[in-house]
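The values are calculated or read from the model by the stated rules, or taken from the named source; none is laboratory data. No experiment lies behind these values; they were computed from the predicted model shown. With ideal geometry, Cβ positions are generated from the backbone for all residues, glycine too; neighbour counts draw on all protein chains shown. Surface accessibility is based on the protein's heavy atoms, side chains included, excluding ligands, DNA and RNA. Shrake-Rupley method; radii C 1.70, N 1.55, O 1.52, S 1.80 Å.
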Amino acid sequence: MKILGVETSCDETSAAVVADGAQILSNVVSSQIDLHRPYGGVVPELASRNHLQLIDDVIRRSLDASRSTLHDIDAVAATYGPGLASSLLIGLNTGKGIALAAGKPFVAINHMEAHLYSPVMNAPDALPMVSLIVSGGHTILVHATGIGQHTILGQTVDDAAGEAFDKVAKLMKLAYPGGPEIDRLARKGNPAAIEFPRSMLDDPSYNFSFSGLKTAVLYYLRKHGVVAAVPSGQSSGNAAGTAATTTTLEDICASFQEAVVDVLVGKTLRAAAEYRVRSVSAAGGVSLNSRLRQRLAEECERRHLRLLLAPAELCTDNAAMIAALAFHKLKAGRASDYAVDVAPSIGLGMEAAA
Ligand code: KG4
Ligand code: ZN
């Protein structure tokens with residue numbers, strides 16, 4: 001069964017064709033990062049206008065790359081939430097329109113649920129698992145026993161992990177988006193240089209909090225400023241301040257990142273032990289973080305846990321994860337009504353409404 005998936009929840013316009021929920025025949029992603037970079041964040045009005053301009057071409061390219069025509073497609077799926085309402089509308093209405101015109105079933109997909117199952121697309125035997133979903137808008141720890149069967153164990157009470165990376169990067173005047181920049185600079189820094197808070201690490205809940213850490217970095221920068229350790233390259237030019245100190249921009253990045261990773265890894269591994277799962281997974285844009293991947297790999301190996309990490313193109317926003325999950329929804333008899341509307345604030349576990 002071939003499914004055409006469409007994703008426009010934020011700033012990526014994407015279309016994909018996936019066979020039987022596992023075989024990616026095409027996955028075209030048009031990123032708007034360059035468009036939003038001058039503003040230091042996603043501008044909703046620009047995002048939706050750009051989705052509208054690109055969506056037809058992205059879908060056509062994805063069908064061509066998969067050597068399919070609409071005739072060969074068995075169903076159409078699109079993200080209906082969560083995300084920016086004006087962006088979601090473009091992909092959802094395009095997907096519904098194509099399905100209706102071609103007389104195919106339509107499946108509305110929850111973006112976070114698609115992130116959750118993206119690492120097990122080719123390994124359904126890995127379930128049950130504990131999964132950490134870390135993106136620009138969400139930080140959620142989940143216990144999943146089967147596809148579509150999951151319970152939220154905890155989530156952030158304030159900023160998402162990706163949001164913390166992006167905001168802290170902004171404080172240091174790094175390029176947007178800040179997560180990959182901090183990751184890159186942190187490789188040359190000392191993660192033990194500054195003892196930033198590990199908020200809620202010892203809290204018995206599985207919730208997270210990152211706004212205190214962001215404030216701690218702000219106060220540190222105000223008090224000490226930074227100097228760049230590496231004399232050449234971009235990093236020194238980006239330094240936020242020049243006050244005399246031996247702590248470098250790279251050290252601040254590494255110490256901040258270590259604080260985030262300590263909490264994410266600590267809670268994920270504790271949940272894996274409590275729920276007695278043999279598999280752990282991580283998904284979403286922040287799961288690309290090299291230190292997070294390294295620490296998860298080390299800790300899982302030590303505990304003989306199977307670690308499932310999606311390849312990079314499936315960690316950031318993409319339509320392949322939408323089409324893959326739609327296969328399982330259809331198999332479970334969960335096609336959506338053509339009248340389904342966008343649900344910008346829908347949470348994980350609220351997808352029954354579609
Ligand atoms: O899942 P995603 O592509 O979009 C949604 O938010 O749905 O995640 C984007 C987030 C951004 O906050 C970005 O800074 C962060 O993922 N990110 C990273 C890395 N790559 C992307 N954060 C830390 N380290 C990275 N290597
Ligand atoms: Zn996402």
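Mind telling me which of LEU249, LEU46, LEU25 comes out most flexible in a GNM of the chain, alpha-carbon contacts under 10 Å?
LEU46
Taking only the alpha-carbon atoms of the chain, what semi-axes of the equivalent ellipsoid follow from 5 times the gyration tensor eigenvalues under a square root, in whole Å, largest first?
36, 24, 16
For ILE147, tell me the accessible area in Å² from a 1.4 Å probe, rounded to the nearest 10.
Approximately 50 Å² of ILE147 is accessible to the 1.4 Å probe.
Mind ranking LEU88, LEU305 by accessible surface for me, highest first, 1.4 Å probe?
Numbers: LEU88 0, LEU305 25 Å².
Order by accessible area, largest first: LEU305, LEU88.
Grab the Cα-Cα distance for ARG276 and ALA175, subtract it from 0.36 nm times how many residues apart they are, and report the gain in nm with one decimal. Show your work: numbers first, answer last.
On the way: separation 101, 0.36 × 101 = 36.36 nm, distance 4.09 nm.
Full-extension gain reported as 32.3 nm.
Using only the heavy atoms of the protein chains and a 1.4 Å probe, how would HIS71, HIS111 rank by accessible area, largest first? Spell out each step's value before the answer.
Numbers: HIS71 155, HIS111 10 Å².
Highest to lowest solvent-accessible surface, that is HIS71, HIS111.
Under a plain spin-label model, where a point goes 7 Å from the Cα along Cα-to-Cβ, how far apart in nm are ARG302 and ASP203?
Using points 7 Å along Cα→Cβ, the separation is 2.4 nm.
For PHE208, enumerate residues with amide H under 5 Å from its amide H, sequence gap 5+ or separate chain, H modeled in the peptide plane.
GLN155, THR156, VAL157
Taking Cα centroids, how far is the range 167-192 from the range 276-316 in Å?
The range 167-192 and the range 276-316 have Cα centres separated by 21 Å.
For ARG222 paired with ASP337, estimate the spin-label separation in nm (one decimal), with each label point 7 Å from Cα along the Cα-to-Cβ line.
My value for the distance between the label points is 5.2 nm.
Distance between the C-alpha centers of the range 1-33 and the range 59-113? Whole Å please.
First find each Cα centre; the distance between them is then 9 Å.
Can you divide the C-alpha Rg of the range 91-137 by 2.2 N^0.38 Å and report the result to two decimal places? Could you put the intermediate results ahead of the total?
Numbers: Rg = 14.6 Å, N = 47, 2.2 N^0.38 = 9.5 Å.
Expressed relative to 2.2 N^0.38 Å, the Cα Rg reads 1.53.
Heavy atoms of the protein only, probe of 1.4 Å, neighbouring chains included. What is the accessible area of LYS2 in Å², nearest 10?
Per-residue accessible area (LYS2): approximately 50 Å².
Percent of accessible area on the chain owned by carbon and sulfur, 1.4 Å probe?
Values: 7560 of 14390 Å².
Reported share for carbon and sulfur atoms: 53 percent.
In degrees, nearest 10, range 0 to 90: what is the angle between the Cα axis of helix 211-224 and the longest Cα principal axis of the chain?
Approximately 40 degrees, to the nearest 10.
Indicate the gyration tensor shape class of the range 256-318 (rounded, prolate or oblate), computed on the Cα atoms with a ≥ b ≥ c the square roots of the eigenvalues: a/c under 1.5 is rounded; otherwise a/b larger than b/c is prolate and the rest oblate.
Working: a/c = 1.90, a/b = 1.31, b/c = 1.45.
The shape class here is oblate.
Can you list the HN-Hα couplings for the range 35-45, worked out from phi with the Karplus curve (6.51, -1.76, 1.60; θ = phi - 60°), rounded to whole Hz and with x for Gly and Pro?
Working through the residues one at a time gives 5, 8, 3, x, 9, x, x, 6, 9, x, 4 Hz.
Provide the solvent-accessible area of GLU181, counting protein heavy atoms only and rolling a 1.4 Å probe, rounded to the nearest 10 Å².
About 30 Å², ignoring ligands and nucleic acids.
Return one whole number: the accessible area per residue of the chain in Å², for a 1.4 Å probe.
Numbers: 14390 Å² over 354 residues.
For the chain, the per-residue accessible area is 41 Å².
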